[in-house]
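> Take this structure, written in structure tokens, and hold onto it; I'll ask about it next.
The values are calculated or read from the model by the stated rules, or taken from the named source; none is laboratory data. This is a predicted model, so every value here is computed, not measured. Neighbour counts run over all protein chains shown; Cβ positions are idealised from the backbone, glycine included. When the accessible area is computed, the model is the full protein with side chains, heavy atoms only, and any ligands, DNA or RNA have been set aside. Shrake-Rupley method; radii C 1.70, N 1.55, O 1.52, S 1.80 Å.
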Amino acid sequence: MKHFFSLFSLLFISLLQSTPNSAQSPAAAPAAPGPTNLTAILEKASQFATFIRLLQTTKVADQIDTQLDTSNQGLTIFAPTDNAFSNLKPGTLNSFTDEQKVELIQFHVVPSFFSPSQFQTVSNPLRTQAGGSEGAFPLNVTANGSQVNITTGVTDATLANSVYSDNQLAVYQVDQVLLPLSFFQTPPPAPAPVKSKKATSSPDSSSGTDDGSPSDSSGENCLSKNQFFAFISSIVLVLLALS
């Protein structure tokens, strides 16, 4: 009997020692999600290499990430594919200045969040981040059923599909690069300077001596006629005297 209790005690102790202590420790909390990174989203989706390069070289990607991390303002990105950039006329991108390249990428960013259904009732024109608060680079979005079209005055693009959405950032694939109309408009000529009116007459102009007009020579003409008649009269008197 004692042997039986001894054996039972050993089995009980072994069971306690083999019980995993993991149940006593709390489960690890899930890692907090990191900040939104637009280029990482596009890299994961692939086929946006040119757009990613321009986002990075113009520093617009940093601006977007900062906006998403520091404010509650939503953003909508229209991301052209590599094929869309290939469809541009050769030399188009190289013809733009560095400032225009920044405006070009900002032209693909709308400072509001739009879900696909919200395009059905959107108010045009949409203000983009290009041109600042003045809204100098607007675009129009129209929806016909499930098809969403974007027009800029130069480009007619179609929204292909949704790449990413988290209720703050929406990224949509578009089949054309959105070109601003202002890039291809001739700026109006600068207004001519207004000439100040200056007096053309001198203080002595009333006398008629300095304004270039002919002076009155009637007195001289009269004097010449009197001399002529006096000369004729003297000749007549001489002839009468001789006769």
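This table checks each residue for (1) touching a His at 6+ places or on another chain (Cβ under 9 Å); (2) at pLDDT 60 or above; (3) not aliphatic (A, V, I, L, M).
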| site | (1), (2), (3) |
| --- | --- |
| Ile150 | no, yes, no |
| Ser162 | no, yes, yes |
| Pro180 | no, yes, yes |
| Ala192 | no, yes, no |
| Ser202 | no, no, yes |
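> Another question about this same structure. How about segment 50-60: which of its residues are open to solvent by less than 60 Å² (accessible area, probe 1.4 Å), touching a residue at least 40 places away in the same chain (Cβ under 8 Å) and not hydrophobic (A, V, I, L, M, F, W, C)?
Within segment 50-60, Thr58 is the sole residue that qualifies.
> Checking the condition in a helix (DSSP H, G or I) and open to solvent by 40 Å² or more (accessible area, probe 1.4 Å), which residue from Gln63, Gln47, Gln73 passes?
On the way: Gln47 fails: in a helix (DSSP H, G or I); Gln73 fails: in a helix (DSSP H, G or I).
Only one candidate passes the filter, namely Gln63.
> Count, please, the residues in segment 139-185 that happen to be of a type outside the set (Asp, Glu) and assigned to a loop (DSSP other than H, G, I, E, B).
Counting residues in segment 139-185 that are of a type outside the set (Asp, Glu) and assigned to a loop (DSSP other than H, G, I, E, B) gives 14.
> Can you find a residue in segment 118-127 that is touching a Pro at 6+ places or on another chain (Cβ under 9 Å) and touching a residue at least 60 places away in the same chain (Cβ under 8 Å)?
Here is the first cut: in segment 118-127, the residues touching a Pro at 6+ places or on another chain (Cβ under 9 Å) are 124-127.
Retained after the next criterion (residues that are touching a residue at least 60 places away in the same chain (Cβ under 8 Å)): none.
No: zero hits.
> So is Thr92 among the β-branched types (Val, Ile, Thr) and within 18 Å of Gly153 (Cβ to Cβ) or not?
yes
> Which members of segment 123-144 meet the condition of being more than 22 Å from Ala40 (Cβ to Cβ) and open to solvent by less than 50 Å² (accessible area, probe 1.4 Å)?
Residues satisfying the conditions are Leu126, Thr128, Ala130, Gly131, Gly132, Gly135, Phe137, Leu139, Val141, Ala143.
> For the structure I just gave you, tell me whether Val154 is modelled with pLDDT of 95 or more, touching a helix residue (DSSP H, G or I) at 6+ places or on another chain (Cβ under 9 Å) and of a type in the set (Val, Ile, Thr). I'd like the intermediate steps shown before the answer.
Numbers: modelled with pLDDT of 95 or more: no; touching a helix residue (DSSP H, G or I) at 6+ places or on another chain (Cβ under 9 Å): yes; of a type in the set (Val, Ile, Thr): yes.
No, not satisfied.
> Given (1) more than 19 Å from Ala61 (Cα to Cα); (2) modelled with pLDDT of 90 or more, identify the lone condition not met by Val109.
It is condition (1) that Val109 fails.
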